[in-house]
Structure formats: C-alpha cells, structure tokens
Amino acid sequence: MSGKTHVVRSLSVEQGLQAEQDLLGAVCRGEQQAALLFWRPVDQALVMPRRMSRLDGFQPASAAVAAAGWPVLLRETGGEPVPQSPATVNLALVYVAPRSEGDQGRIEQAYQRLCQPLCDILQQWGGAASTGEIEGAFCDGRYNVNLNGRKLVGTAQRWRQGLQGKRPVVLVHGAMLVENQRESMVAAVNLFNERCQLPQRCRADSHIALHEWLPQASVLEHLASAYRQVLSTIPQD
C-alpha cells in the first residue's frame with residue numbers, strides 16, 4: 001500500500017469526517033493507491049446522513065439533541081444517526097476497486113475487507129465475533145461487527161468515480177465503541193428519532209464497548225497491522 005497510515009489521530013468530529021473525505025479525494029485523484037485512517041473524537045456529536053436533513057422535524061429535533069450535548073453533524077455515507085465521542089474510534093479504509101474483481105460484488109468485498117480483520121482479531125482474543133443485525137442497536141445493519149452477541153462496530157460506505165472517471169473508489173468506514181457511553185448515546189439517538197417521529201428506538205444493552213470486555217487489549221495496534229496487510233494485497237489493476 002502506498003500512502004500514509006495514522007494511528008490514532010485525535011480530531012474533532014467535524015475534522016475527522018473531513019479527514020476521511022480528504023483521503024477519498026486523494027485516492028480519487030491518483031495521489032495515493034490506498035489509505036488507512038484511525039481517528040478518535042475530542043468532542044461529541046450525533047452524526048447522520050445528509051439525507052436526514054430533509055426530514056420533517058429535523059430542525060427542532062437537532063435543537064433538542066444539541067441542548068442535550070449532542071450537536072448534529074451531517075456525513076456523506078449512508079445509514080442512520082450515530083453518536084460520535086471520545087468513547088469511539090473510527091476506522092476508514094480507502095482504495096481503488098480492482099478491475100479484476102468486477103463491479104458486481106464490490107460493496108460486499110469492501111465490507112469484508114473492513115470487517116474480517118476485526119472479527120479475526122476479536123476471536124484471537126477469545127471473543128465471539130460475528131457480523132449481522134442486532135435488535136435494538138442504533139444504525140443497525142447487516143455489516144455490524146458484533147462481539148458476544150452485541151454490536152461493537154457500525155459500518156458504512158461511500159463510493160466515487162476516481163482516476164478521471166476510470167475506476168470507482170471506496171471509503172469504507174467503521175465506528176467502534178471502545179469506552180462505555182452506551183446510555184447517553186442511546187438516549188441521544190432516541191431523542192432525535194422521537195422528535196422526528198421516526199419509529200426506531202435503541203437499547204443500551206444491544207451494544208458493547210471494547211474495554212468492557214477487554215480493558216487492556218492492544219486491539220487497535222493489531223488492527224492497524226492487519227489493515228495495512230489487507231490494503232497491500234489489493235490488486236492494482
């Protein structure tokens with residue numbers, strides 16, 4: 001893999017989201033073949049897809065969660081509202097999709113490259129790791145990374161045409177809960193959903209923080225090495 005690897009940058013949520021977009025832009029322009037970024041917020045926010053700003057009730061709902069200490073920020077990837085705070089670490093992989101892999105399965109392949117190394121490392125440390133939906137989790141999805149039956153990491157993707165329109169480039173992102181802030185996070189998501197009259201309600205016990213299970217683990221260092229290996233083996237065709 002060519003390009004820079006950062007472990008772990010301390011950034012505001014807004015800066016972290018912009019750093020991801022900057023890496024996506026750099027790979028799209030051909031300045032890097034691939035990139036890896038780990039970042040941890042120094043503040044907190046409720047981050048959600050830009051499309052949600054069109055919801056009826058978005059403005060008063062945003063004001064309500066901001067008053068509760070969770071200002072709303074918009075992101076370019078999909079999904080649902082996700083709390084970001086110093087309790088989370090974000091993982092972002094960016095790379096050019098290889099021609100040899102074809103375009104049909106590229107979304108699943110990107111999730112596999114993000115999720116499988118994490119599952120492998122959790123299992124090496126003795127955890128029961130899986131991917132899939134967890135009832136009561138915020139921003140629930142098929143590619144959650146789960147630990148011992150509870151959601152640990154939420155994932156999302158953003159695709160662009162890069163290399164002067166010649167190849168698709170992906171930013172695949174994971175948000176890992178490393179410290180236990182489950183109660184206030186769930187309260188923020190539920191408050192927003194309630195004020196927007198959205199039906200989803202989350203539960204704190206559907207989530208787990210990494211350090212609740214493995215307080216002294218050097219999981220992030222192992223992940224950085226694993227992801228560098230993943231990116232170095234992606235065909236450059």
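Only the coordinates and a few stated rules stand behind these numbers; no lab work does. On a predicted model such as this, the values are computed, not experimentally measured, just so you know. Heads up, the Cβs are rebuilt from the backbone with ideal geometry, glycines too, and the neighbour counts pull from every protein chain shown.
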(1) over 25 Å from residue 159 (Cα atoms); (2) without any contact (Cβ under 8 Å) to a residue 24 or more places away in the chain all hold for residue 58 apart from (2)
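Taking the stated definitions as given, is residue 220 under 19 Å from the mean Cα position of the chain (by Cα), surrounded by fewer than 22 Cβ atoms within 10 Å (Cβ to Cβ) and part of a helix (DSSP H, G or I)? Write out each step before concluding.
On the way: under 19 Å from the mean Cα position of the chain (by Cα): yes; surrounded by fewer than 22 Cβ atoms within 10 Å (Cβ to Cβ): yes; part of a helix (DSSP H, G or I): yes.
The answer is yes for residue 220.
So which of 156, 226, 175, 137 ends up being in contact (Cβ under 8 Å) with a residue 12 or more places away in the chain and in a helix (DSSP H, G or I)?
Numbers: 156 fails: in a helix (DSSP H, G or I); 175 fails: in a helix (DSSP H, G or I); 137 fails: in a helix (DSSP H, G or I).
Being in contact (Cβ under 8 Å) with a residue 12 or more places away in the chain and in a helix (DSSP H, G or I) holds for just one of 156, 226, 175, 137, which is 226.
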All conditions in (1) among the aliphatic types (A, V, I, L, M); (2) surrounded by 21 or more Cβ atoms within 10 Å (Cβ to Cβ); (3) over 13 Å from residue 209 (Cα atoms) are true of residue 163 except (2)
